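Visitor: Dropping a structure here in structure tokens format, bear with me for questions.
Derivation of every value follows stated rules applied to the coordinates shown; laboratory data play no part. Owing to the predicted nature of the structure, the values given are computational and were not obtained by experimental measurement. As a convention, Cβ positions derive from the backbone with ideal geometry for all residues, glycine included, and neighbour counts pool all protein chains shown.
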Amino acid sequence: MTRSKGETAALRSVMMSRIRSKDTKPEMLVRKALHRLGFRFRLHGRDLPGRPDIVLPKYQVIIQVKGCFWHGHTCIDGRMPKSNREYWVPKLLRNKERDISNDRKLRRMGWSVRNLWECRICAISPERLDELLTRALHNKCPFPEK
Ligand SMILES: [Zn+2]
């Protein structure tokens, strides 16, 4: 079956509207894990650059669950769309630049910024996620970035 350009665009926009929601499944997994581990956090710090997803004031740590498509991960989900490139390329590049600038501002304010990619959260076991979060919060070491 071949799809017209319009149909492909429509499909993509449906997919995007699913991805765009704030409480994405991988983010919920991370929040549940933090609860389970007893770490207190707040959500979407409105007073902070980029409104980071998860803020742990006690540890001075910010955890951001990054959607691979929107934030340009190097994985398969982070590839630039093939159609409508004049729209997507500048948009997605702007997202990346904004991420870098926000992370820099947060670090300058004294926060440790931990970025977790959605594909990675979905690929690991809950036990492994607990382990990563515990290590990142107690030892202040970053998540392995890939
Ligand atoms: Zn990814």
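Visitor: Give K32/K91; K58/K105; K32/K82 a once-over and call out the pairs whose C-alpha atoms are over 24 Å from each other.
Guide: Details: K32/K91 31 Å; K58/K105 19 Å; K32/K82 35 Å.
Distance filter (> 24 Å) returns K32/K91; K32/K82.
Visitor: Out of all DSSP beta bridges with both ends in the range 22-138, state the antiparallel percent to the nearest 5.
Guide: 45 percent
Visitor: With a/c under 1.5 counting as rounded, go ahead and sort the range 76-121 into rounded, prolate or oblate using the C-alpha gyration tensor (a ≥ b ≥ c being the square roots of the eigenvalues; past the cut-off, prolate if a/b is larger than b/c, else oblate).
Guide: Oblate is the answer for the range 76-121, as a/c is 1.5 or above yet b/c matches or exceeds a/b.
Visitor: If you don't mind, another one. What is the gain in length, in nm to one decimal, between S125 and R98 on full extension, counting 0.36 nm per residue of separation less the C-alpha to C-alpha distance?
Guide: Between S125 and R98, full extension yields 6.7 nm more.
Visitor: Rounded if a/c is under 1.5, else prolate if a/b beats b/c, else oblate: with a ≥ b ≥ c from the C-alpha gyration tensor eigenvalues square-rooted, which is the range 23-119?
Guide: Values: a/c = 2.79, a/b = 1.58, b/c = 1.77.
It comes out oblate by the Cα gyration axes.
Visitor: What is the distance, in nm, between label points placed 7 Å from the Cα along the Cα-to-Cβ direction at R85 and at R40?
Guide: 5.1 nm
Visitor: Now for a different question. So if we plug the beta-carbon distance of R135 and D47 into 1/(1 + (r/R0)^6) with R0 = 25 Å, what FRET efficiency do we get, rounded to 0.05?
Guide: 0.35
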